[in-house]
1. If a residue has to be over 22 Å from residue B:295 (Cα atoms) and either surrounded by fewer than 17 Cβ atoms within 10 Å (Cβ to Cβ) or not small (Gly, Ala, Ser) (or both) to count, how many in segment B:114-141 make the cut?
2. Looking at (1) over 26 Å from residue B:300 (Cβ atoms); (2) of a type outside the set (A, V, I, L, M); (3) assigned to a helix (DSSP H, G or I), which is the one condition that is false for residue B:271?
3. Looking at (1) closer than 30 Å to residue B:529 by Cβ; (2) at pLDDT below 85; (3) among the small types (Gly, Ala, Ser), can you tell me which one residue B:382 breaks?
4. Pairs please, first residue from segment B:461-478 and farther than 11 Å from residue B:528 by Cβ and modelled with pLDDT under 85, second anywhere and of a type in the set (Asp, Glu) and in a strand (DSSP E or B), Cβ atoms under 9 Å, 6+ apart in sequence or on different chains.
5. Which of the residues belonging to segment B:217-242 are farther than 23 Å from residue B:265 by Cβ, buried (at least 22 other Cβ atoms within 10 Å of the Cβ) and of a type in the set (A, V, I, L, M)?
6. Pick out, from segment B:43-132, the helices (runs of 4 or more DSSP H) lying fully within it that include 1 or more residues that are charged (D, E, K, R) and under 28 Å from residue B:25 (Cβ atoms).
7. Are any of the residues in segment B:477-489 in a loop (DSSP other than H, G, I, E, B), surrounded by fewer than 23 Cβ atoms within 10 Å (Cβ to Cβ) and on the phi > 0 side of the Ramachandran plot?
8. Being surrounded by fewer than 19 Cβ atoms within 10 Å (Cβ to Cβ) and among the hydrophobic types (A, V, I, L, M, F, W, C) is the filter; apply it to segment A:40-66 and report the residue that is nearest to the other protein chains (Cβ to nearest Cβ).
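The values are calculated or read from the model by the stated rules, or taken from the named source; none is laboratory data. Quantities reported herein were computed from a predicted structural model and do not represent experimental measurements. Using ideal geometry, Cβ is built from the backbone for each residue, glycine included, and neighbour counts are taken over all protein chains shown.
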Amino acid sequence: MSDLVSIESIGIEDGQLVRAIGEIDLSNVAEVLSAVISAVPHDAALVVLDLSDVTYLDSAGISMLFKLAERLGYSRQPLRLVVPPDSPIRAVLELTNLTSVIPVVESIRS
Amino acid sequence: MTGGELTRSRWEGSTLPAAPDLARLVGRLALVGVAYYLGARLGLNLSLVEQNVTPLWPPTGIAVAVFLVMGRAMWPGVALAALAVNLPISDGALAAAVTAAGNTVAPLVAVTLLQRAGFRRQLDRSRDALALVFVGALPSMAISATVGTAVLLETDLIGRGEAAATWAVWWTGDAMGVLVVAPFLLCLPLFSEERSWRPQRWAQGVGLLLLATATIAWTARSEVPVLFLVLPILAFAAWRLQLRGAAPAALITSLVASWSASRAIGPFSHGGLFEQMFTLQAFNACVALTSFVLSAVVSERNRAAEALAVAAAELEDRVLLRTDELTTANTRLLQEIRDRSEAEEQLSLEEARTRREHQIAETLQRGLLPDRLPQIPGVMLAARYVPATADIQVGGDWYDVIQLPDGLIGLAIGDVAGHGLQAAATMGQVRMALRAYALQDPAPVAVMSSVHQLVSQLPTAEMVTLLYLLFDPGTRHLRFTNAGHPPALVFDTARGEYLGGGLSPPLGVTAEPDFTEVAHQMWPGASLLLYTDGLVERRGVSIQDGLDRLVVASVADASQDVDELCDGLLLQLPGNQPVTDDIALVAMRPLPLVPGPLSLTLSGEARMLVQMRVAVRRWLRENDVSPADENEILIACGEASSNVVRHAYGATPGPMHLTAELVDDTVVIDVRDDGAWRPPADLGGGWGLQLIEGLMDSVDVERSADGTLVRMRRRVRMGATE
């Protein structure tokens, strides 16, 4: 794992909460993808990826998120993203139309 | 002389002499008359012819001496006495009167001529002796001799044949009287007027007088003609004692010889009157000349010798005096040289001590404070150190600015309790240690903990306050921790703000202090001020007051450069009061860089993307681009760069160039490679270019044989609105 980003995973009521902290770019997307997938148990009904503390996300990261959603879809594990409205990555998500494919919530509570 | 002058002055007055003066005059006249009379009686006893022609007539000598000493006013005494002498031996009163007149006039004329000739009665010059012989004695006495002889002729006491011989006897007698008696009388006043004789001289004088008397007493009666034997004695007396020794002996010699001649005994026992007369007068002349002429010559020589001696003595005195003066001056000079060399020695000792102390202080000072602040691009720094008004120019206050890796800056300011060498030495140690700790790990808490360890282990327990800040000039981000030191001030021309928090007790006070770190983002255009309590503490004024005044003064001077700012603060805050505590002061101002273009060349690899972002982010912040714009520009740059990384080169990465420029309110960024552009289908889902187009106002792609250029533009807003 590069020192640009770190991944934390916590089991929650109805699934798994994975938190990414740092910057996600072309240099670490592959690592982030495998880290998140390995952090999610097979029986997790829901995967929540918290991007609240991600300060940078590029198009490679967007591709990675689409791939992640696709992979989890195979195992019937829906993916939710947590992105606060004032997050610096919000514009990228909207510009790539990702929000129409992967549900995005503004906070963990919701 | 004195009496003469006195008398003359009385007569010149219009009033009669006063009774006491008259009585004195009469007394003197009587005295003179008596002396003259007695002299005359003596002379008559020595007469060779009859009763009135004598070979030695003392009264003329008396008269001359009296006129010389007491003045010519004494003539009445002389005249009366002469009359009294002549009356019994003359033929009638008229004859006596005429003779007396001649006897009186002769000495008067003699004295008048002598005084005209400048005669000195002291008879101490050869010219005085000659004057007495050739003016006073020989010519003048021709008068009395002529008058007397004429009277004798007229009264028939002598015959015409005897006239010439009588005249000659009379003349020589009167002349001898002058030559023999006058010097004797003139010598008498000298005993009181001149230097008095010592007993030895008296003995000599009396001895010579007795010897002369004995000699003449014998030779004047001896048949052998050895009268001349007395002459060497007289000569000796004249040589040794001058007039006072010779004149009395001469008088006695002449009297004895004359008496012998008048009795016709001894050498005068044979031969005629003329022969006797001639012998006697020749002898008396020799006696007189030997005595007073030799005396005068010797006196003159003595006086010359004396004058010479006086001159020599004076010269010697002057030489002695001069030598004395020279010696004194020399002594003073030597003393002065000694004093000066002592003073110089003292001074050089003092100087050496001062220099040594100064060197120690200077060395410590150098250890204590940075020689000069580091030159850091984009940051202006100034520092001041004002020691308390004391002899030793070092105290407990200190500061340091440390340039750390990654472009970070460590700022430290502190105060050791106390002043002087001890405090300075401790501070020097702390400062050096802090530098080393900061280079090892610049984090504020880590540095503070290490310094605390050091201070706790110092042999002398010192209380140390320390404020340590870590500043990132790229982000204007501050981290600090504070051990009991006054807070740093962040300010600009509008406001000032103390950096509170992160406080712990001073180092060396508690065993395990809990250091905490506080972060602060300095706003653009803000300056940072570190200081010690000497700047804000004033006697009788609360420290809060000082802190408030510091904010006001700093804000007022915030537009000046940091050096002027420091000087201004030192001028305003302590005011006119003497500096009672050391003051250390550090001012730092991060400068907004002049908006210049950014130019980067990185290796076209994925891992370099973060470096690219850091550089661009810093450049955008330096240009005061708003955070929202910053984010999206960074993503656009990232996409353009990612395209280079993924598509420009094959297996071997090539260079990736990025330039950024702010043109008015538009950021223009070029990302360029030296490789071949691939079709957009290869780009990750085509999102890269799509994102760039979505984030930027415009994007142009230029392909060429030697690479591809992506030019992106975006209008931005300025100002940090976090």
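1. Going through segment B:114-141 one residue at a time, the tally reaches 3.
2. Unmet condition: (3).
3. (2)
4. B:463/B:415
5. Within segment B:217-242, B:237, B:238, B:241 qualify.
6. B:93-116
7. Yes; the residues of segment B:477-489 include at least one that is in a loop (DSSP other than H, G, I, E, B), surrounded by fewer than 23 Cβ atoms within 10 Å (Cβ to Cβ) and on the phi > 0 side of the Ramachandran plot.
8. Residue satisfying both the conditions and the ranking: A:66.
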